[in-house]
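The values are calculated or read from the model by the stated rules, or taken from the named source; none is laboratory data. Please read all numbers here as calculations on a predicted model, not as lab measurements. When we count neighbours, we look across all protein chains shown, and the Cβ atoms used for this are built from the backbone with ideal geometry, even at glycine.
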């Protein structure tokens, strides 16, 4: 049995905790056991599901409350459990937890990058550069959810030397497979039977750039009077987004659904998927959309690892018209059921990705 402690910010819906949950669903629980330590004061939706699978949830203070306090709390968790591996999802500061684990003689220590967020200040850039060095010292493995995420957190030197493993955020492709009956039912429930539906799924915040999507949709609607924009998710920028919707004059054409647990079914109801993010570590929602056969329009600031898709387009954030022109190409799209195989063929299914993770946990991919 391999006992593994995951360290991350929280375990609510979506995000890193969804990645951990997806892997735990498909790993052999007779061989691998997960526990989770989070720097949050509540368990969250994914945390509850992890508990159902047998995981224990521990709480850690934020590092901003004091590194000593954080290390002491983590040490107490490690003292009372026998872990073979610690898997830390804290990007450039993962080394803090890894240094504690090294003192406790935990042999497998994984630093995992999930971000391509640019440094917003000199202080943040210095922290990133420190992480490039210190994560290499305290980890046995450096893992990036994509190439850009691996380079951003661990540095070009480590990546070019082959010291960073790319582990895509694998998804359950069968769950998202296109289904005409589901499409009809969801569109009927949302009163969208006769509409061209533009969809977005994810957190509503600065990163996801939702307000730019409103500008795109305004122009799409000028060309397609039946167009509707459906947004599933919540987040800190909800009020700003609602204000932008009110100002757009299209309040009847834009539907905010809030956070949903049935996004696999919502994808079926969409006609195209928008992800105009400013940055992404690895765009899981876009992979889910691709797995349902949707055309996917992404910002060209996002990692290009989805460029294999025949209906994937990377577009600039300074040109609305290019997004609109791309969207209008898919008003009559007969290829969804064929296109959905692309994700599986690229090895992004959870069953393929979990084999890489198993190699890491069992020491077959340790750094030289």
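A count restricted to segment 125-171 and to residues that are more than 22 Å from residue 304 (Cβ to Cβ) and assigned to a strand (DSSP E or B) stands at 1. Taken over segment 2-33, the criterion of being modelled with pLDDT of 95 or more and part of a loop (DSSP other than H, G, I, E, B) is satisfied by 27, 28, 29, 30, 31.
Name the residue that is nearest to the chain's Cα centre (by Cα), counting only residues in segment 246-276 that are in a loop (DSSP other than H, G, I, E, B) and over 20 Å from residue 19 (Cβ atoms). Explain how you work it out, then say what you get.
Taking segment 246-276 first, the residues in a loop (DSSP other than H, G, I, E, B) are 249-253, 259-262, 270-271, 276.
If we keep only those that are over 20 Å from residue 19 (Cβ atoms) too, we end up with 249-253, 270-271, 276.
Numbers: 249: 32, 250: 29, 251: 29, 252: 30, 253: 28, 270: 20, 271: 22, 276: 14 Å.
That would be 276.
Does residue 123 qualify as being at pLDDT below 95, under 26 Å from residue 39 (Cβ atoms) and either surrounded by fewer than 19 Cβ atoms within 10 Å (Cβ to Cβ) or over 21 Å from the mean Cα position of the chain (by Cα) (or both)? Considered against the rule, which asks whether it is at pLDDT below 95, under 26 Å from residue 39 (Cβ atoms) and either surrounded by fewer than 19 Cβ atoms within 10 Å (Cβ to Cβ) or over 21 Å from the mean Cα position of the chain (by Cα) (or both), residue 123 comes out as yes. When residue 153 is tested against the conditions (1) surrounded by fewer than 24 Cβ atoms within 10 Å (Cβ to Cβ); (2) within 15 Å of residue 94 (Cα to Cα); (3) under 18 Å from the mean Cα position of the chain (by Cα), the lone failure is (1).
Listed here are the residues, each with its yes/no results for (1) assigned to a strand (DSSP E or B); (2) over 23 Å from the mean Cα position of the chain (by Cα).
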{"site": "213", "(1), (2)": "no, no"}
{"site": "217", "(1), (2)": "no, yes"}
{"site": "230", "(1), (2)": "yes, no"}
{"site": "278", "(1), (2)": "no, no"}
{"site": "285", "(1), (2)": "no, no"}
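For residue 106, the conditions (1) modelled with pLDDT of 95 or more; (2) in a helix (DSSP H, G or I) all hold with the exception of (2).
Contact map, segment 331-342: first residue within 19 Å of residue 264 (Cβ to Cβ), second residue modelled with pLDDT of 85 or more and loosely packed, with under 13 Cβ neighbours inside 10 Å, Cβ cut-off under 8 Å, separation 6 or more or different chains; pairs are 339/310; 342/310. Of the set (1) surrounded by fewer than 16 Cβ atoms within 10 Å (Cβ to Cβ); (2) modelled with pLDDT under 95, all apply to residue 202 but (1).
Quick test for you: out of 357, 294, pick the one residue that is part of a helix (DSSP H, G or I), surrounded by 15 or more Cβ atoms within 10 Å (Cβ to Cβ) and at pLDDT 95 or above. I'd like the intermediate steps shown before the answer.
On the way: 294 fails: part of a helix (DSSP H, G or I).
None of the others qualify; the one that does is 357.
Going by the conditions given, is residue 54 buried (at least 17 other Cβ atoms within 10 Å of the Cβ), touching a strand residue (DSSP E or B) at 6+ places or on another chain (Cβ under 9 Å) and either at pLDDT below 95 or in a loop (DSSP other than H, G, I, E, B) (or both)? Taking the combined requirement at face value, the residue does not satisfy it. Residue count for segment 307-317, restricted to those that are touching a strand residue (DSSP E or B) at 6+ places or on another chain (Cβ under 8 Å), over 21 Å from residue 266 (Cα atoms) and not in a strand (DSSP E or B): 3. Is it the case that some residue within segment 81-92 is surrounded by 14 or more Cβ atoms within 10 Å (Cβ to Cβ), assigned to a helix (DSSP H, G or I) and touching a strand residue (DSSP E or B) at 6+ places or on another chain (Cβ under 9 Å)? Yes, some residue in segment 81-92 is surrounded by 14 or more Cβ atoms within 10 Å (Cβ to Cβ), assigned to a helix (DSSP H, G or I) and touching a strand residue (DSSP E or B) at 6+ places or on another chain (Cβ under 9 Å). Checking each residue in segment 189-230 for being touching a helix residue (DSSP H, G or I) at 6+ places or on another chain (Cβ under 9 Å), free of Cβ contacts under 8 Å to residues at least 12 places away in the same chain and farther than 23 Å from residue 339 by Cα picks out 189, 222. Taking residues in segment 36-63 that are on the phi < 0 side of the Ramachandran plot and touching a residue at least 60 places away in the same chain (Cβ under 8 Å), and partners anywhere that are surrounded by fewer than 17 Cβ atoms within 10 Å (Cβ to Cβ) and assigned to a loop (DSSP other than H, G, I, E, B), the pairs with Cβ atoms closer than 8 Å and at least 6 places apart or on different chains are 45/261.
Across segment 223-241, the number of residues qualifying as more than 21 Å from residue 331 (Cα to Cα) and touching a strand residue (DSSP E or B) at 6+ places or on another chain (Cβ under 7 Å) comes to 3.
Which residue is surrounded by the fewest Cβ atoms within 10 Å (Cβ to Cβ), if the candidates are limited to segment 318-346 and must be part of a loop (DSSP other than H, G, I, E, B) and modelled with pLDDT of 90 or more? Looking at residues that are part of a loop (DSSP other than H, G, I, E, B) and modelled with pLDDT of 90 or more, I get 318.
Would you confirm, using the coordinates I've provided, whether residue 99 is within 18 Å of the chain's Cα centre (by Cα), surrounded by 15 or more Cβ atoms within 10 Å (Cβ to Cβ) and either more than 16 Å from residue 70 (Cα to Cα) or at pLDDT 85 or above (or both)? Show your work before the answer.
On the way: within 18 Å of the chain's Cα centre (by Cα): no; surrounded by 15 or more Cβ atoms within 10 Å (Cβ to Cβ): yes; either more than 16 Å from residue 70 (Cα to Cα) or at pLDDT 85 or above (or both): yes.
It is false that residue 99 is within 18 Å of the chain's Cα centre (by Cα), surrounded by 15 or more Cβ atoms within 10 Å (Cβ to Cβ) and either more than 16 Å from residue 70 (Cα to Cα) or at pLDDT 85 or above (or both).
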